[in-house]
Each structure stands twice: as structure tokens, then as C-alpha cells.
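All remarks here apply to the structure that follows.
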Amino acid sequence: MLITNIEISRYTYCADTSRHSASVCLTLADRIVTLFCSLDLPGETSAVSRAQAFVGDALRQMRRMPEFRTGKQHLQIDKRLAPGSA
């Protein structure tokens, strides 16, 4: 299934735990999926690195869903969403 849009929202950072949290919304042809993602990264991690990590965690969660875990469907990110493609 082709992911045609990715939005990261509701970003928060807790300095006490060095935990970054956000909602990642993935748009596919037949559905929109919003996932809560939490990352343990240093506070000074760049915005681009955080975004890549959030997307990676969202994809990890998606791959655990039955329709993808069984291999019947595969996830693919639209090439136009790659950094520098705009």
C-alpha cells in the first residue's frame, strides 16, 4: 500500500526522560492511520532526525498490524515524500 502523505503533529519533549512524543498520521489510498509514537533520543536531536525516527516508528507499528504482518500487503512511501524531492 502506497503512503501518499505523512503528517507529524502534537510533538512534545520531556527533558526529564529525554522522550520525544508525537502523533504520526499516514495517508494511504483507502485509509488514514494515526499512530502515537514515542522516542528516546537526546534533546538536541535535529528536527529532520526526529521526523525520520517518528516515521520509522510509525512504519514499525504498521508492519505489526495483521494485514501487513501476514505479507498480504506491503507498505511503500511515495517517492515524492522523500527529503529534497520538492
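Points to keep in mind about this one:
- Restricting attention to segment 26-74, the residues being loosely packed, with under 13 Cβ neighbours inside 10 Å, of a type in the set (A, V, I, L, M) and within 19 Å of R10 (Cβ to Cβ) number 3.
- Scope segment 63-86; condition farther than 20 Å from S23 by Cα and either in a helix (DSSP H, G or I) or of a type in the set (D, E) (or both); matching residues: P66, E67, F68, R69, K79, R80
- Among the conditions (1) under 12 Å from the mean Cα position of the chain (by Cα); (2) part of a strand (DSSP E or B), the only one that H20 does not satisfy is (1).
- Every listed requirement among (1) within 16 Å of the chain's Cα centre (by Cα); (2) assigned to a strand (DSSP E or B) is met by R60 save one, (2).
- Filter result (over 16 Å from the mean Cα position of the chain (by Cα) and β-branched (V, I, T)) within segment 63-86: T70
- Scanning segment 28-57 for residues that are part of a strand (DSSP E or B) and without any contact (Cβ under 8 Å) to a residue 12 or more places away in the chain returns I32, T34.
- Restricting attention to segment 19-39, the residues that are over 14 Å from I6 (Cβ atoms) and either at pLDDT 95 or above or in contact with a strand residue (DSSP E or B) (Cβ under 6 Å, 6 or more places away or on another chain) (or both) add up to 6.
- Only residues that are polar (S, T, N, Q) and either over 13 Å from the mean Cα position of the chain (by Cα) or closer than 19 Å to R80 by Cβ (or both) were counted in segment 23-49, giving 3.
The values are calculated or read from the model by the stated rules, or taken from the named source; none is laboratory data. Keep in mind that this is a model prediction, so the values were computed, not measured. Positions of Cβ are generated from backbone atoms using ideal geometry, with glycine treated the same way; all protein chains shown enter the neighbour counts.
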